[in-house]
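Trainee: This structure is in structure tokens; I'll ask about it shortly.
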Amino acid sequence: MIAELGHFALILAAVLAVVQTVVPMVGAQKRWAGWMALAEPAAVMQFLLVGLSFAALTWAFVTSDFSLRLVTLNSHTLKPMIYKISGVWGNHEGSMLLWVLILAGFGAAAAVFGGNLTETFRARVLAVQASVGVAFYAFILFTSNPFLRLAQPPLDGQDLNPLLQDPGLAFHPPFLYLGYVGLSMAFSFAVAALIEGRVDAAWARWVRPWTLAAWVFLTIGIALGSWWAYYELGWGGFWFWDPVENASFMPWLFAAALLHSAIVVEKREALKAWTILLAITAFGFSLIGTFIVRSGVITSVHAFANDPERGVFILAILAVFVGGAFLLFAVRAGAMEAKGLFSTVSRESALVMNNVLLSVASLLVFIGTVWPLIAELALGKKLSVQAPFFDTAFTPFMVALAVILPVGAMLPWKRAKLGRTVRAVAPAMMLALAALGLVWAVQSGRSLLAPVGFGLAVWIVAGGVLDLMSRTGRGPLGGRLARLTRLARADWGKFVAHSGLGVTILGVAAITAWQVEDIRVAQVGEPFDVAGFTIRLDGVERVQGPNYFSTMADVTVARDGREMAVLRPEKRVYPVQAMPTTEAAILNGVWRDIYVVIGDEQAGGAWALRTYIKPFANWIWGGCILMALGGFLSLSDRRFRLAAGAARKPQAQGVPAE
């Protein structure tokens, strides 16, 4: 009965989304206040209905209702409760229900917190947001219904994919979807602005908080996925350039470009057309990511489904919405004439360069991701694009971005003198060069990767400090430091986010250049040395978990005769799916991780053992945390969050003409 209630609520939400798409849009065109006013309660009610549907599905998983096909395929009575709950979205149908829940949630948030928008514009934004929902409701109800019943329910289920039975993967998809789907708000704002024929500073102030929120959630989701891959898969890496990893990374890059481009629209009323294009493209790449994950056209260990019918449906959604938005953009191009002019050397130009680097880098990742598919369709050849291509193609753009970031942040608007700005950042430049030289000397002349990474990290952080200090005016140092505490949270947010990028660059460079790997057949009780650490396999035992069997090793790590820790790597087998998984044991540290993986038993009672020493590994995710924290700090700035001043200007001007 509860499942049927959830199914009925989902159908009602779909019907309400159709109403929300049509009525407010017509009302905005005709200036009918009553029709436009329908958008807000419809958006809130739609969210409540989808929430009820999602709660019904969650209840089915929690109570192990195996009369539902989805629960049977993705749950088991012995599974821990946290994984019963995460099993709701650990599959195709449930994850799409989570998708529309978040989509409706953003629409409801825009209805509740969009009081600073003009009446017609708010109605159009909510109508466009609902139209996206209509497409995905149809996708779920016609191809991916999570409430299908089984005529003869089994006594138990087939369990969730063991790789997904992990805390990191329990939280990774919701955050990722909050980012993916959050970009639909930027899309809705862009399309509504094109329909209304108005893209101005107020529009930029409105769109930035929604884009920033999506970018922050996407940052957290990507970081959680990377962290999970690092400790769970046992291969010791943090990024594989897998197609599904790339699918989340590309919209992240476009969202970052959109954030910076919207600043130029807000400050100078320039780059209007480019900013609209970025808003459309960012959400378009979210849909491309959905297609990659669910169509099966590209092989990936992360793929949810291998169903061409579903892939064609998503491709149709992509074509209709992104193609339609681009067509509307072509029709309305004349309404986006830039008003602000700026010189070649200015902060606007630096932000343009930032946009170009991020966009081109994302397109290169896209080409590398889809090239195997293109090669197979056009040339009949099966090709594989591996990490070396992505590393070689992507890295120069990120290095260039890091180099221009501190200088660009301190350039004045409209017109600047490069020499004056370079002199202002000279202390940061000297400190960065000193760090580069020090690391080069310490590492005894090996690869330039680590020194350059350290130099860029110091350059970004030190440049950010100088940028903050430049906002405190002149006078005694004590007074300027006191004024730092009174700076806007958005200024601090920018500094923290940029510093997070620098910290992540440092971590990636260090772990890539200095990682030590040792693979051997280890005898029980016989110690061996790896990069100055003494490793000893003390024994291996069989352990039974709640829904798995484990082969667990005891590995002692010592240095200079002093025991540091006993690590317990595992190899698990989940009997329901007969699937093995690897559980790495990691001794985390600020300066390095010691990472141990147990393999198969060898002749004579020995065991295959892999040991990695990973310098600065945790700095990668620490930098991601800083980037997300910087975004939250900016959102907590009342002027930024509420788009201060955006409401007054439209009210003073009245409703713009079509």
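Every number in this text was worked out from the coordinates using simple rules, so none of it is lab data. Note that the structure is a prediction, hence the values are computed from the model and not measured. Here the Cβ positions follow ideal geometry from the backbone for every residue, glycine too, while neighbour counts run over all protein chains shown.
Trainee: Relative contact order for the range 396-514: what percent, with Cα pairs under 8 Å and sequence separation of 6 or more?
Mentor: Worked out over the range 396-514, it gives 29 percent.
Trainee: Taking 30 Å as the cut-off for C-alpha to C-alpha distance, list the pairs among K339/K494; K30/K414; K339/K417; K272/K494 that go past it. All intermediate terms of the calculation are to be shown ahead of the outcome.
Mentor: On the way: K339/K494 26 Å; K30/K414 40 Å; K339/K417 22 Å; K272/K494 22 Å.
Table pairs above 30 Å Cα-Cα are K30/K414.
Trainee: Residue by residue through the range 517-522, which ³J(HN,Hα) values in whole Hz follow from phi under the Karplus form 6.51 cos²θ - 1.76 cosθ + 1.60 (θ = phi - 60°), with glycine and proline marked x?
Mentor: 10, 10, 10, 7, 8, 9
Trainee: Just to check I understand the Karplus step: with θ = phi - 60° and J = 6.51 cos²θ - 1.76 cosθ + 1.60, what whole-Hz values come out for the range 420-431, glycine and proline as x?
Mentor: 5, 5, 4, 5, 5, 9, 4, x, 5, 5, 5, 5
Trainee: Taking 0.36 nm per residue of separation and subtracting the Cα-Cα distance, what length does fully extending A608 through S384 add?
Mentor: Numbers: separation 224, 0.36 × 224 = 80.64 nm, distance 2.94 nm.
77.7 nm is the gain from fully extending A608 to S384.
Trainee: I've got another one for you. Quick one: length gained pulling R474 to A578 fully straight, 0.36 nm per residue minus the C-alpha distance?
Mentor: Values: separation 104, 0.36 × 104 = 37.44 nm, distance 6.85 nm.
So the chain would gain 30.6 nm between R474 and A578.
Trainee: Please work out the FRET efficiency for the pair W59 and V15, using the Cβ-Cβ distance as r and a Förster radius of 25 Å; give the result to the nearest 0.05.
Mentor: After rounding to 0.05, the efficiency reads 0.60.
Trainee: A further question on this structure: How high is the relative contact order of the chain, in percent, counting Cα pairs under 8 Å that sit 6 or more residues apart? Before the final figure, lay out each step's value.
Mentor: Details: 1203 pairs, mean separation 80.8, N = 658.
Once divided by the residue count of the chain, the mean separation gives 12 percent.
Trainee: Can you run the Rg to Rh ratio on the range 5-61? Use alpha carbon positions and the Kirkwood inverse-distance Rh.
Mentor: The Rg/Rh ratio comes out at 1.14.
Trainee: Run the numbers on the range 1-165 and let me know its relative contact order in percent, using alpha-carbon pairs under 8 Å that are six or more apart.
Mentor: Numbers: 257 pairs, mean separation 59.6, N = 165.
Reported as a whole number, the value is 36 percent.
Trainee: From the backbone phi of the range 192-208, what are the Karplus-calculated ³J(HN,Hα) couplings (6.51 cos²θ - 1.76 cosθ + 1.60, θ = phi - 60°) in whole Hz, Gly and Pro given as x?
Mentor: Along the range 192-208, the couplings run 4, 5, 5, 5, 7, x, 9, 10, 9, 4, 4, 4, 4, 5, 6, 7, 4 Hz.
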